[in-house]
Amino acid sequence: MLQIEGLNVYYGGIHALKDLSLEVEQGEIVSLIGANGAGKSTTLNTISGLVRAKNGKILFKGQSITSMPVHDVVKAGIVQVPEGRRVFANLTVRDNLELGAYLRRDKAAVAADMRKVFRLFPRLEERQSQLAGTLSGGEQQMLAIGRGLMAAPQLLLLDEPSMGLAPMLVREIFRIIQEINKMGATILLVEQNAHMALAIAHRAYVLETGRVVLSGPAKQVLEMDEVKKAYLGG
Amino acid sequence: MNEFLQQVINGLSLGSVYALIALGYTMVYGIVRLINFAHGDIYMIGAFIGFFTTRVLHLSFIPALILSMACASLLGVIIERLAYKPLRHAPRIAILITAIGVSFLIEYSMIWAFSPQPRAYPDLLANYQLQLAGLIITAQQLFILGIAIILMLGLHFLVQKTKSGKAMRAVSYDMDAAALMGINVNSVISFTFAIGSALAGAAGLLVGVYYNRIDPLMGIMPGLKAFVAAVLGGIGIIPGAMVGGIIMGVAESLVSGFLSSTYRDAVAFAILIIILLVKPTGLLGKRSVEKV
């Protein structure tokens, strides 16, 4: 579904992604793990078009999206839930969700998706007319994911969805990610919480300073000694 | 007391014009964090379009108003596309200086094309006077206030209730996150310039009608005052621009009525200095709080 080949990204003089290649198949959950600054978010932002690659190719369903404007990438079906939630604090919860569906014209399907989001996150329904800025961190994360779902994504890019959440909430979020995947969305997940990310993924890539150093089925990656040492605390 | 109320009435219509101009400043600032110093000149162009559509084409008030707004909004969009968009990722100072350059370009092109001589505006509105408990209210004042209120209500509806308005608020809050929703950020920025400039165009025509006199440099002072009004209300905050504009107009009117009209321009800058000392975020401004 998504193929990245030989991607190089620079921030000024810093070589942030080095010849990065990866692939996501339809229906998968693929996790991208690695330390801070390994280039995980940069990868997602380059796919979304917020960051431009110096060279390399990004193909989505066989079509190049390498130099597409951000809003066209969304239109093509790739939706990112950005790191740090980035909800519109000055708008209500409902307005945030409606903005997620900004490009969609099919009102009935949007309304159905809104009900679906409220089923996944009942808290959002209770607070739909509240300003998003008044929500707790966990609720904002739910809103950010819900907002992403409102775009009816084929490929959902999740950037650190567990960041800053209490352990119970982390499990809840990961359960919901699996549910979203079962409902039909392919997922590329960036996480520092390698344990959880590997537990729910089909396949995984390990990034180190902008390079893919390991990849394979998530269960195998979970068992690799170097991964255990570096990311799983033993 | 009567004299005081009379000045307040005079100030209200002037203030509503400032408010219309201030809205453009504040909307543009809210989206791209730019003080568009050419904004006062768009207001001047609005006045000139009104002049030509009524003097040369002999249109009546409402069609002239619509044309002024349309041309001003087109000009605003063109300026943004040609002058500001290429500098979107440049240091802030570059785009600010460009705005000042654009302002001079418009002013002196107009002087070159139409001479610096003031022109007399045609009488577009009936010149009635209402007398109410010793106060004089002219039909023009009522008209200006009425049109300004209608436009502001329209703007409020647009920004709060429509999809475009929500997109605008999203872009103003977080441009990248808005783009990730599939919002075409460039279109939203153009749209913001279009709306803000249209309001300035309307203000230009209304002032032409009110003061009866326009010239190519007429945008400088009201432009600066409207900028102060926007800062006074809290730059980037739409209701703030409305409140700030009204306060500016009334303050100016009171000062010229009770002190001397020599000080009417000084009062704007006195207000600016005081607000920057006392509450730099403006009357309706809040310190932004970030949640982690």
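Scanning the stretch A:82-136 for residues that are closer than 20 Å to B:Thr162 by Cα and either part of a helix (DSSP H, G or I) or β-branched (Val, Ile, Thr) (or both) yields a total of 17. Being surrounded by 20 or more Cβ atoms within 10 Å (Cβ to Cβ), assigned to a helix (DSSP H, G or I), modelled with pLDDT of 90 or more and in contact with a strand residue (DSSP E or B) (Cβ under 9 Å, 6 or more places away or on another chain), is that true of even one residue in the stretch A:198-212? So far as the stretch A:198-212 goes, yes, one or more of its residues are surrounded by 20 or more Cβ atoms within 10 Å (Cβ to Cβ), assigned to a helix (DSSP H, G or I), modelled with pLDDT of 90 or more and in contact with a strand residue (DSSP E or B) (Cβ under 9 Å, 6 or more places away or on another chain). For the stretch A:186-197, a residue qualifies if it is in contact with a Leu (Cβ under 8 Å, 6 or more places away or on another chain) and at pLDDT below 95, and the qualifying residues are A:Glu191, A:Ala194, A:His195, A:Ala197. Against the conditions (1) in contact with a helix residue (DSSP H, G or I) (Cβ under 6 Å, 6 or more places away or on another chain); (2) surrounded by fewer than 22 Cβ atoms within 10 Å (Cβ to Cβ); (3) within 14 Å of another protein chain (Cβ to nearest Cβ), A:Leu97 satisfies every one except (2).
So, B:Leu151, is that one more than 14 Å from chain A (Cβ to nearest Cβ) and surrounded by 20 or more Cβ atoms within 10 Å (Cβ to Cβ) or not? First the steps, then the outcome.
Values: more than 14 Å from chain A (Cβ to nearest Cβ): yes; surrounded by 20 or more Cβ atoms within 10 Å (Cβ to Cβ): yes.
For B:Leu151, the condition - more than 14 Å from chain A (Cβ to nearest Cβ) and surrounded by 20 or more Cβ atoms within 10 Å (Cβ to Cβ) - is met.
Right, A:Ile176: touching a residue at least 60 places away in the same chain (Cβ under 8 Å), on the phi < 0 side of the Ramachandran plot, touching a helix residue (DSSP H, G or I) at 6+ places or on another chain (Cβ under 9 Å) and away from every other protein chain (no Cβ under 14 Å) or not? No, not satisfied. Filtered by the rule that a residue be among the polar types (S, T, N, Q) and under 18 Å from A:Thr43 (Cβ atoms), the stretch A:202-234 gives A:Thr209, A:Ser215.
Residues in the stretch B:208-218 include none that are within 10 Å of the chain's Cα centre (by Cα) and not hydroxyl-bearing (Ser, Thr, Tyr).
The one condition from (1) under 19 Å from the mean Cα position of the chain (by Cα); (2) farther than 24 Å from B:Leu23 by Cα that B:Tyr108 does not meet is (1).
Residue check: is B:Ala167 in contact with a Phe, Trp or Tyr (Cβ under 9 Å, 6 or more places away or on another chain), buried (at least 20 other Cβ atoms within 10 Å of the Cβ) and more than 21 Å from B:Met242 (Cα to Cα)?
Yes: the conditions hold for B:Ala167.
A count restricted to the stretch A:10-65 and to residues that are in a loop (DSSP other than H, G, I, E, B), in contact (Cβ under 8 Å) with a residue 40 or more places away in the chain and hydrophobic (A, V, I, L, M, F, W, C) stands at 4. Of these, B:Leu180, B:Leu96, B:Leu125, which one is more than 14 Å from chain A (Cβ to nearest Cβ) and over 23 Å from B:Thr53 (Cβ atoms)? None of the other options fit; the residue is B:Leu96. Taking the criterion of being within 7 Å of another protein chain (Cβ to nearest Cβ) and either under 16 Å from the mean Cα position of the chain (by Cα) or surrounded by fewer than 19 Cβ atoms within 10 Å (Cβ to Cβ) (or both), the residues of the stretch A:80-94 that qualify are A:Gln80, A:Pro82, A:Arg86, A:Asn90.
The values are calculated or read from the model by the stated rules, or taken from the named source; none is laboratory data. Given the structure is predicted, the values throughout are model-derived calculations rather than measurements. Backbone-built Cβ (ideal geometry, glycine too); neighbour counts: all protein chains shown.
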